Amino acid sequence: MALDREEILSLCEKAVKVAERHGADEAEAYFCQTSRTAVGIERGQLAKSVSHIDQGLGIRAVYNKAVGFAYTNIVAEKAVEETAGKAVNSAKASQPDKDWKGFPDKRCLINVEETFDGKILELSSEELVNLATRMLDTALEMDKRVFVTDGEVESVYAAKALVNSYDVSNFDQGTFASCGLATLARDVNYVTPVCFEWDAKRTFEINPEHVGREAARLAVSALKAETVPTKPYTVVFAQVAMQLLLSYTLINAVKADYVQREQSALKGKIGERIASENVTVFDDGILKGGLRTWRFDDEGMERRRTAVMEKGVLKSFLYDNYRAKKEGVESTGNAYRGGAAPYMEVPAIEATNFRFAPGNKSADELVSEIDSGILVYFLQGAHSSNPVSGEFSVVAVPSWRIEKGEIKNAVKGAMLSGTVFDVLKNVSALANNERQVGALVAPWIRVENVKVIGR
Amino acid sequence: MKENLTKIIELGLEAGAEYVEIRAQKLFRTMLTMKDGVIEAAKEGLENGAAIRVLANGTWGFASVGSFNKTQLAEAVEKACKMAKATSRKVKVPIKLAETKTFEDKVTSKPRKNPAETPLAEKIQLASSINERVFSYDQRIKSCTVDYLDIMGTNYFINNEGTYIEQDKLYVWSRILATAKEGEIYAFAREEIGSTAGFEVFETETPQIVSERIAKRAVEQLKAKTPKGGIFPVVIGPNVVGVFVHEAFGHLAEADLTLSGSVLMDKIGKKVASDVVTVYDDGTIDGAFGSFKYDDEGVPAQKTLLIENGRVVGLMHSRETAHKFEAAPTGNVRAEDFRYEPIIRMRNTYMAPRDHSFEELLEDIRFGYYLKSFRGGQANLDGTFQVGIQEAYEIVNGEIGAPVRNASISGNTLETLKKVDAVGKDFELWPGRCGKGQIAFICDGGPHIRVREVLMGGAR
């Protein structure tokens with residue numbers, strides 16, 4: 001039933017034409033298709049298989065500078081025509097936006113690398129079961145105290161297309177493979193917090209044994225947790241912890257809509273030093289093999305590489321077409337439609353592959369230079385940070401004590417608090433163990449002088 | 001619809017499944033986002049889709065298809081059975097389901113003001129009105145975002161045991177975010193409105209009432225201090241009690257998470273809280289955001305007692321976990337839509353009120369905090385919780401004092417529940433959305449309570 005590239009583009013072109021015929025000044029059709037197959041682990045055993053197939057079309061129509069939107073997942077001509085009509089009606093019912101300056105023009109797209117792997121499409125359910133079994137068994141063989149709460153191995157195919165009134169007619173497709181395992185360890189009187197490990201790639205290069213081994217090792221090392229005294233520590237943020245911290249603070253603060261709407265503490269600070277000299281960040285929409293790499297963004301602009309911070313100096317914000325035109329600059333290709341069904345969404349500004357330039361120390365070297373510190377893997381409550389000021393107050397679990405250059409026992413229930421901008425100013429080193437989680441591509445990051453509230 | 005779905009059920013049984021269910025849905029959504037008075041895009045949409053779940057050799061197979069196409073559904077049920085059987089070769093303990101009554105029913109929603117018949121222009125007008133009132137409250141208000149969503153539709157549930165339920169879905173939701181700025185101080189406030197009754201929810205939660213609540217909260221934070229870090233006595237308001245009961249305790253009592261190793265596993269029937277703590281999860285409150293008649297396994301929603309006078313007496317169950325615990329399913333299973341698997345979710349979760357007035361709760365606190373409104377909360381299976389607070393005040397010598405911003409509390413749920421020493425006689429229920437890999441609409445709440453010792457995170 002899946003439509004091919006030509007059928008998809010022709011359906012999108014049809015949608016744009018119908019919207020124009022209904023009186024739209026300009027129109028845009030976005031199509032996406034996903035197909036996902038997974039094997040799930042629950043409570044220590046393979047317990048389920050999952051398959052998803054969904055596709056749909058979202059149409060934006062503009063009438064007298066008012067934007068309307070309608071979508072459908074019934075991808076037949078008649079439903080698409082009705083949807084185009086609805087998009088125009090919704091624009092007519094809406095109010096004009098004086099800042100609306102049209103959809104993007106046709107752009108030249110850059111080729112991206114390592115975002116599609118035919119091997120992922122060919123994975124059979126037996127092979128997925130085999131990968132999940134290898135991951136699970138490796139974890140269980142590590143230590144009797146390990147309990148696997150859940151896990152998954154999945155393969156995903158996704159395709160998107162975008163057509164608008166200005167001859168933009170783009171298509172791209174990609175694949176994803178991932179495996180992940182959540183574990184905890186139980187002793188006579190103690191249950192550890194949930195620990196997890198994962199591997200996600202655009203090509204079929206995942207390592208289920210490594211994930212199983214690491215998930216089990218983390219859980220066991222989280223046993224024997226102790227409280228720590230309240231004081232400032234050197235903190236090493238592993239990738240997930242840093243991603244949680246930045247997703248609700250810095251990443252929003254560099255989005256042009258937050259800046260234009262006075263919701264960003266970085267407004268007016270382009271060219272200013274906002275972080276330590278060790279911090280250089282690019283939003284790299286075309287990163288080779290990046291989990292968020294595509295040829296074009298979700299309104300058809302070409303993806304690119306944008307310097308956000310260089311040696312601690314703020315260089316640029318992230319733009320979509322609307323916010324860029326409002327300011328008279330060019331979009332950085334950061335329009336994004338997320339969620340389980342992106343065709344239901346209108347684009348919003350989002351980071352692509354938000355990459356911290358790695359340092360040249362190994363993770364071990366980074367830790368070996370610390371006299372008294374904490375290694376944090378996960379933060380609880382990061383979403384309750386103040387998104388405007390960047391103030392946060394979160395629980396660091398699981399986390400581990402670092403003493404005289406070595407990782408020691410786990411830390412019980414400590415809170416970290418401060419502002420994300422102080423964290424950035426106090427970055428003293430970055431390791432070279434780069435990996436991606438969500439938008440963030442980063443190594444372990446060492447930060448001095450973080451307030452830790454123990455017991 | 002029933003006839004077509006019955007054929008797919010039969011195909012599943014022929015392919016070797018011991019249990020087959022289908023949840024077909026027609027959904028209509030209206031969504032809009034207004035930022036600082038400008039409509040970003042008014043959105044309307046239509047979706048058809050079906051979720052098929054089979055149990056074969058004691059292993060689940062789930063398939064979601066964004067279509068009602070018969071050929072596609074037939075392929076999906078066959079694929080689900082084939083994949084479940086492939087997975088089952090490694091199964092150690094086969095999954096079984098608790099018995100339930102079967103139902104044939106049709107549930108129709110009867111809104112006084114039907115969102116589907118309310119013109120888009122009126123929904124836009126509502127957002128505009130909230131926006132204008134937020135901005136006109138104080139010139140230090142710098143931004144306002146109003147999101148509006150309604151979902152209408154029909155859910156067709158069928159299984160091979162003889163249950164067939166057609167159930168209307170109706171949700172109306174709005175979220176308002178406002179920021180305020182003075183000098184270098186930024187403040188942020190949020191609020192949600194949600195109902196399963198109809199568009200009439202905005203007759204009680206009027207633009208005037210809602211905008212004032214949120215604008216006042218944002219502006220008051222500008223003059224607020226940050227809290228001291230450390231252990232303090234606190235009085236917690238219904239809005240924060242709700243999120244605490246939901247996040248810190250509720251998730252541990254979802255039987256799938258209990259089995260996954262939550263700290264509650266060996267505490268069932270035991271005392272985990274002080275005598276004054278009683279907690280319910282109730283799916284039967286008329287019009288509340290977490291209410292419905294049948295869950296997504298065809299089990300009627302009910303009022304489930306979780307903690308009675310400090311003792312854990314119940315968990316929230318699916319048919320699968322009920323079988324493991326030799327308990328009865330509680331009607332807690334939901335899926336966000338046909339794209340998702342049905343899992344155990346909370347409904348309207350709350351602490352039951354008792355006898356204290358607000359003044360009595362405060363009176364013997366020499367220094368502490370009053371936590372009025374939350375910003376977010378999260379918990380781990382080991383019982384560690386964190387709740388961020390957007391509106392808080394100092395308590396000084398039994399009286400409410402200066403406002404406090406960016407506070408948060410954390411601790412171990414079971415230790416904290418034991419330190420609840422007084423429970424108020426008031427009661428409020430607040431709508432919200434809960435994420436567990438997918439979104440569920442819920443309510444949570446309770447009365448004001450006093451907790452003797454809580455760890456406050458703070459910048460000082």
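The values are calculated or read from the model by the stated rules, or taken from the named source; none is laboratory data. Quick caveat, the model's predicted, so the values are computed rather than measured. Cβ coordinates were reconstructed from backbone atoms using ideal geometry, including for glycine residues, and neighbour counts include every protein chain displayed.
Couple of notes before you dig in:
- Taking the stretch A:301-417 and the strands (runs of 3 or more DSSP E) fully enclosed by it, the elements with 3 or more residues that are farther than 21 Å from A:VAL452 by Cα and away from chain B (no Cβ under 14 Å) are at A:305-310, A:354-356.
- Neighbours by Cβ (under 6 Å, 6+ apart or cross-chain): first from the stretch A:244-255, under 16 Å from B:TYR186 (Cβ atoms); second among the polar types (S, T, N, Q): A:TYR248/A:SER385; A:THR249/A:SER385; A:ALA253/A:SER264
- Residue within the stretch B:108-116 that is among the hydrophobic types (A, V, I, L, M, F, W, C), under 30 Å from B:LYS2 (Cα atoms) and assigned to a strand (DSSP E or B) present: no
- Within the stretch A:1-60, being facing chain B (nearest Cβ under 10 Å), part of a loop (DSSP other than H, G, I, E, B) and under 30 Å from A:MET135 (Cβ atoms) holds for A:ARG43, A:GLY44.
- In the stretch B:298-330, residue surrounded by the fewest Cβ atoms within 10 Å (Cβ to Cβ) [restricted to those that are assigned to a loop (DSSP other than H, G, I, E, B) and in contact with a Pro (Cβ under 7 Å, 6 or more places away or on another chain)]: B:VAL299
- Among the residues of the stretch A:271-287, not a single one is under 17 Å from A:ASN334 (Cβ atoms) and of a type in the set (Lys, Arg).
- Filter result (within 23 Å of B:GLY261 (Cβ to Cβ), modelled with pLDDT of 95 or more, buried (at least 24 other Cβ atoms within 10 Å of the Cβ) and within 13 Å of chain A (Cβ to nearest Cβ)) within the stretch B:332-385: B:ILE344
- Of all the residues in the stretch A:93-122, those that are free of Cβ contacts under 8 Å to residues at least 40 places away in the same chain and within 14 Å of chain B (Cβ to nearest Cβ) number 6.
- B:ASP421 vs. criteria touching a residue at least 60 places away in the same chain (Cβ under 8 Å) and assigned to a loop (DSSP other than H, G, I, E, B): no
- Top-ranked residue in the stretch B:404-425 [being surrounded by fewer than 22 Cβ atoms within 10 Å (Cβ to Cβ) and away from chain A (no Cβ under 14 Å); ranked as farthest from A:PRO398 (Cα to Cα)]: B:LYS425
- B:VAL279 being under 21 Å from B:THR108 (Cβ atoms) and either touching a residue at least 40 places away in the same chain (Cβ under 8 Å) or within 14 Å of chain A (Cβ to nearest Cβ) (or both): no
- Remark: A:THR293 falls outside the filter, which requires a residue to be outside any helix (DSSP H, G or I), more than 14 Å from chain B (Cβ to nearest Cβ) and either without any contact (Cβ under 8 Å) to a residue 12 or more places away in the chain or buried (at least 24 other Cβ atoms within 10 Å of the Cβ) (or both).
- Among (1) assigned to a helix (DSSP H, G or I); (2) under 28 Å from A:LEU366 (Cα atoms); (3) not aliphatic (A, V, I, L, M), the one test that A:ASP283 misses: (1)
- Listed conditions (1) closer than 23 Å to B:SER174 by Cα; (2) within 11 Å of chain A (Cβ to nearest Cβ) are all met by B:TRP430, apart from (2).
- Qualifying residue in the stretch A:440-449 (condition: over 23 Å from the mean Cα position of the chain (by Cα), closer than 30 Å to B:LYS181 by Cα and more than 14 Å from chain B (Cβ to nearest Cβ)): yes
- Filtered by the rule that a residue be over 27 Å from the mean Cα position of the chain (by Cα) and either aromatic (Phe, Trp, Tyr) or more than 14 Å from chain A (Cβ to nearest Cβ) (or both), the stretch B:105-137 gives B:ARG133, B:PHE135, B:SER136, B:TYR137.
- Matching option when the condition is closer than 30 Å to B:THR413 by Cα, of a type in the set (A, V, I, L, M) and buried (at least 20 other Cβ atoms within 10 Å of the Cβ), among B:ALA189, B:ALA215: B:ALA189
- One residue stands out among those in the stretch B:349-398 that are free of Cβ contacts under 8 Å to residues at least 40 places away in the same chain and in a loop (DSSP other than H, G, I, E, B): the one that is nearest to B:GLU191 (Cα to Cα), which is B:ASN380.
- Selection from the stretch A:268-298 of residues that are in contact with a Ser or Thr (Cβ under 8 Å, 6 or more places away or on another chain) and closer than 30 Å to A:ASP172 by Cα: A:PHE282, A:ASP283, A:ASP284, A:GLY285, A:ILE286, A:LEU287, A:GLY289, A:GLY290, A:ARG292, A:THR293, A:TRP294, A:ASP297
- Helices (runs of 4 or more DSSP H) enclosed by the stretch A:194-261 - at least 2 residues per element that are closer than 21 Å to A:PRO443 by Cα: A:208-221, A:239-247, A:250-253
- Spans of strands (runs of 3 or more DSSP E) in the stretch B:153-243 with at least 1 residues farther than 30 Å from B:LYS7 by Cβ, more than 21 Å from the chain's Cα centre (by Cα) and not assigned by TED's automatic domain parsing to the domain that holds B:SER67: B:230-236
- One residue alone among B:THR102, B:THR30 is more than 14 Å from chain A (Cβ to nearest Cβ) and either more than 19 Å from B:GLY298 (Cα to Cα) or of a type in the set (Val, Ile, Thr) (or both), and that residue is B:THR102.
- Residue in the stretch A:216-232 that is within 28 Å of A:THR293 (Cβ to Cβ), crowded, with 18+ Cβ neighbours inside 10 Å and either modelled with pLDDT of 95 or more or within 13 Å of chain B (Cβ to nearest Cβ) (or both) present: no
- Residue match in the stretch A:419-428 (condition: under 26 Å from A:ALA225 (Cα atoms) and either assigned to a loop (DSSP other than H, G, I, E, B) or modelled with pLDDT of 95 or more (or both)): yes
- Counted residues, the stretch B:258-278 - those being assigned to a loop (DSSP other than H, G, I, E, B), among the hydroxyl-bearing types (Ser, Thr, Tyr) and closer than 28 Å to A:ALA219 by Cα: 2
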